[in-house]
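J.: Here it is, the structure in full.
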Amino acid sequence: GVVAVAIFFAVRGTSRSRRLADRTSGPVLDEPGLSAEDYRARAASAARAGNWDAVLLDSYRAIAAATDERALLDELPGTTAHEIAVGLQSPFPDHGTSLLSAADDFDAVCYGDQHASQQRAERVRELDRVLARTRPARVRIS
């Protein structure tokens, strides 16, 4: 009886942690039809309210939406934060570290039950502003 209970909890524990692991990433753009400007407006509104989680998430979503609008990646719907960050390394080589850091922050807040500090949220918001006015590098196809 004790062994069966131990096995039950061991199996239950692994399925729960697997479920949590499955939630560590998902599509960044969860609401089809919103533009980068829509996300920026939502982020600005959240900033006025002091909701730094929403500022961070919507600022990263603005980066993703702008990526789609500027046709910088082949496919965007369903793309994770990290896939976007990695995909933007070529067009924005000077911002690779910032993009990966922003993707980590997005995942931590969206899936990791962490909260964004004002500083982290503003950093992602500023990255969106910088990328919006940065001309993408030409990608050489060998």
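J.: Which of the residues spanning region 41-58 are surrounded by fewer than 18 Cβ atoms within 10 Å (Cβ to Cβ) and part of a helix (DSSP H, G or I)?
T.: Listed by number, the residues that qualify are A41, A44, S45, R48, A49, D53.
J.: Looking at the structure I just gave you, is D104 in a helix (DSSP H, G or I) and at pLDDT below 90? Walk me through how you get there before you give the answer.
T.: On the way: in a helix (DSSP H, G or I): yes; at pLDDT below 90: no.
Spelling it out, it is not the case that D104 is in a helix (DSSP H, G or I) and at pLDDT below 90.
J.: From (1) among the aliphatic types (A, V, I, L, M); (2) part of a helix (DSSP H, G or I); (3) modelled with pLDDT under 95; (4) surrounded by fewer than 22 Cβ atoms within 10 Å (Cβ to Cβ), pick out the condition that doesn't hold for L73.
T.: Among (1) among the aliphatic types (A, V, I, L, M); (2) part of a helix (DSSP H, G or I); (3) modelled with pLDDT under 95; (4) surrounded by fewer than 22 Cβ atoms within 10 Å (Cβ to Cβ), the lone unmet condition for L73 is (2).
J.: Here's something else I'd like to know. Among the candidates R135, R61, R123, single out the residue that is of a type outside the set (F, W, Y), surrounded by fewer than 21 Cβ atoms within 10 Å (Cβ to Cβ) and in a helix (DSSP H, G or I). It would help to see each step written out before you state the result.
T.: Details: R135 fails: in a helix (DSSP H, G or I); R61 fails: surrounded by fewer than 21 Cβ atoms within 10 Å (Cβ to Cβ).
From the options R135, R61, R123, the qualifying one is R123.
J.: While we're looking at this one, here's another question. Taking the stated definitions as given, is E31 part of a helix (DSSP H, G or I), open to solvent by 60 Å² or more (accessible area, probe 1.4 Å) and not hydrophobic (A, V, I, L, M, F, W, C)?
T.: On the way: part of a helix (DSSP H, G or I): no; open to solvent by 60 Å² or more (accessible area, probe 1.4 Å): yes; not hydrophobic (A, V, I, L, M, F, W, C): yes.
For E31, the condition - part of a helix (DSSP H, G or I), open to solvent by 60 Å² or more (accessible area, probe 1.4 Å) and not hydrophobic (A, V, I, L, M, F, W, C) - is not met.
J.: Do we find a residue being in a helix (DSSP H, G or I) and in contact (Cβ under 8 Å) with a residue 60 or more places away in the chain anywhere in region 86-100?
T.: Narrowing region 86-100 to residues in a helix (DSSP H, G or I): 86-87, 93-100.
Those left that are additionally in contact (Cβ under 8 Å) with a residue 60 or more places away in the chain: none.
Within region 86-100, not a single residue is in a helix (DSSP H, G or I) and in contact (Cβ under 8 Å) with a residue 60 or more places away in the chain.
J.: Shifting gears a bit: Restricting to region 89-105, and then to whatever is surrounded by fewer than 23 Cβ atoms within 10 Å (Cβ to Cβ) and among the hydrophobic types (A, V, I, L, M, F, W, C), can you tell me which residue is nearest to A116 (Cα to Cα)? Walk me through how you get there before you give the answer.
T.: To start, the set of residues in region 89-105 that are surrounded by fewer than 23 Cβ atoms within 10 Å (Cβ to Cβ) comprises 89-98, 100-101, 104.
Of the ones still in play, those that are also among the hydrophobic types (A, V, I, L, M, F, W, C) are 92, 100.
Details: F92: 24, L100: 16 Å.
The qualifying residue nearest to A116 (Cα to Cα) is L100.
J.: Enumerate the pairs (first residue in region 45-60 and within 15 Å of Q119 (Cβ to Cβ) and among the charged types (D, E, K, R); second residue anywhere and in a helix (DSSP H, G or I) and open to solvent by less than 40 Å² (accessible area, probe 1.4 Å)) with beta-carbon separation below 6 Å, excluding pairs fewer than 6 apart on the same chain, so at least 6 apart or on different chains.
T.: D53/V109
The values are calculated or read from the model by the stated rules, or taken from the named source; none is laboratory data. Being a predicted model, the structure only gives us computed values, none of them experimental. Cβ atoms come from the backbone with ideal geometry, glycine included; neighbour counts cover every protein chain shown. These accessible areas exclude ligands, DNA and RNA; they are computed on the full protein's heavy atoms, side chains included. Shrake-Rupley method; radii C 1.70, N 1.55, O 1.52, S 1.80 Å.
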